[in-house]
1. Going through the stretch 151-191 one residue at a time, which ones are hydrophobic (A, V, I, L, M, F, W, C), farther than 23 Å from V87 by Cβ and in contact (Cβ under 8 Å) with a residue 24 or more places away in the chain?
2. Quick check: is even one residue across the stretch 98-106 surrounded by 20 or more Cβ atoms within 10 Å (Cβ to Cβ) and either at pLDDT below 95 or closer than 24 Å to T32 by Cα (or both)?
3. Criterion first (surrounded by fewer than 22 Cβ atoms within 10 Å (Cβ to Cβ), out of contact with any helix residue (DSSP H, G or I) (no Cβ under 6 Å at 6 or more places or on another chain), within 20 Å of G166 (Cβ to Cβ) and small (G, A, S)) does A219 satisfy it?
4. Only one residue in I62, I74 is more than 14 Å from the chain's Cα centre (by Cα), under 24 Å from Y135 (Cα atoms), β-branched (V, I, T) and at pLDDT 95 or above, so which one is that?
5. Anything in the stretch 200-252 that is modelled with pLDDT of 85 or more and among the charged types (D, E, K, R)? List them, or say none.
6. Given the criteria of a type in the set (D, E, K, R), touching a residue at least 60 places away in the same chain (Cβ under 8 Å) and either surrounded by fewer than 20 Cβ atoms within 10 Å (Cβ to Cβ) or farther than 17 Å from I203 by Cβ (or both), does E140 qualify?
7. Could you check Y135 against (1) in contact with a Lys or Arg (Cβ under 7 Å, 6 or more places away or on another chain); (2) part of a helix (DSSP H, G or I); (3) of a type outside the set (A, V, I, L, M) and say which number it fails?
8. Step by step: first the residues of the stretch 15-45, then only those that are among the β-branched types (V, I, T) and farther than 18 Å from L148 by Cα, then the one that is surrounded by the fewest Cβ atoms within 10 Å (Cβ to Cβ). Which residue is that?
Amino acid sequence: MNEDRYTNVRHLLCKVPEVTLYFWLIKIMSTTVGETGADFLSFQLHWGMANTTYLMFGMLLILLFFQFKANRYIPALYWGAVLLISVVGTLISDQLVDHIGVSLVTATVLFSAILVLVFLGWYASERTLSIHSVYTKKREAFYWLAILFTFALGTAGGDLVSEGLGLGYLKSGIVFATLIVLMAVLHFSLHLDSVFTFWATYILTRPLSASLGDYLSHARKAGGLGLGTTGTSLIFTAAILALVFYLTWTRRDQFPAKEEEA
């Protein structure tokens, strides 16, 4: 009974959602909005990449402040932070490549190395990389730092495949979707470590979503469907809001509490 009660308390304190189909749907759409939203603010609204980066980073810090202050998982707060961190991660990569002139290969290697260091520091400190254990401030800090650099890495890696290797948006999306399916097969059929497959899939969904966003928003002559950054961002943002409202109402993505023994 004591062990069950302890597990129940940890679940109540866990600040992240349970990994369900809803999790991956919102994550993919949030990442797509991160790609198209960054372009929309920087170019369509003429804010410029630097001003957009400062504004989004400031908003992210504010939202993370409230996320850290919360004592439980709140869908709107959590997914709002994911949405903003996806924009910031995209902008960090774009700033490095487009403004500073770092090559996509170098950027991909750099963000990979930083992410490995974050994971090593997290594991050395906490002896786990499981998102189910994010119920302390330190683990939450490692978690969001890892999330940030998965987005930056996914942006650079996705651009490297689609632009650097010349595959284009649609073919790149198919490549990353195939790798995600492979991760699922390795996890469910061969029982590959769930923590590894989760983070590998999390990283891969970033370039998948970016390829999807670019394919939907770019003009037909550039290999896209021509929906534009405005239309694509609005469609996916509306879908995210609908799902977050549904999850807030139903609590379908929260860890179920164990019933105490009599």
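1. First, the residues of the stretch 151-191 that are hydrophobic (A, V, I, L, M, F, W, C): 151-153, 156, 160-161, 165, 167, 170, 174-177, 179-186, 188, 190.
Retained after the next criterion (residues that are farther than 23 Å from V87 by Cβ): 165, 167, 170, 174-175, 179, 181-186, 188, 190.
Result: L170, L179.
2. Of the stretch 98-106, the ones surrounded by 20 or more Cβ atoms within 10 Å (Cβ to Cβ) are 104.
Then drop every residue that is not either at pLDDT below 95 or closer than 24 Å to T32 by Cα (or both), which leaves 104.
Yes, the stretch 98-106 contains at least one residue that is surrounded by 20 or more Cβ atoms within 10 Å (Cβ to Cβ) and either at pLDDT below 95 or closer than 24 Å to T32 by Cα (or both).
3. Working: surrounded by fewer than 22 Cβ atoms within 10 Å (Cβ to Cβ): yes; out of contact with any helix residue (DSSP H, G or I) (no Cβ under 6 Å at 6 or more places or on another chain): yes; within 20 Å of G166 (Cβ to Cβ): yes; small (G, A, S): yes.
In short, yes.
4. Values: I74 fails: at pLDDT 95 or above.
Every option except I62 fails the conditions.
5. R206, R251, R252 - these are the residues of the stretch 200-252 that are modelled with pLDDT of 85 or more and among the charged types (D, E, K, R).
6. Numbers: of a type in the set (D, E, K, R): yes; touching a residue at least 60 places away in the same chain (Cβ under 8 Å): yes; either surrounded by fewer than 20 Cβ atoms within 10 Å (Cβ to Cβ) or farther than 17 Å from I203 by Cβ (or both): yes.
So E140 passes the test.
7. (2)
8. In the first step, residues of the stretch 15-45 are kept if they are among the β-branched types (V, I, T); the result is 16, 19-20, 26, 28, 31-33, 36.
Restricting the remaining residues to those that are farther than 18 Å from L148 by Cα gives 19-20.
Working: V19: 16, T20: 13.
Only one residue fits best here, namely T20.
The values are calculated or read from the model by the stated rules, or taken from the named source; none is laboratory data. All figures in this text were calculated on a predicted structure; none of them were measured in a lab. All Cβ positions, even for glycine, are placed from backbone atoms using ideal geometry, and neighbour counts span all protein chains on display.
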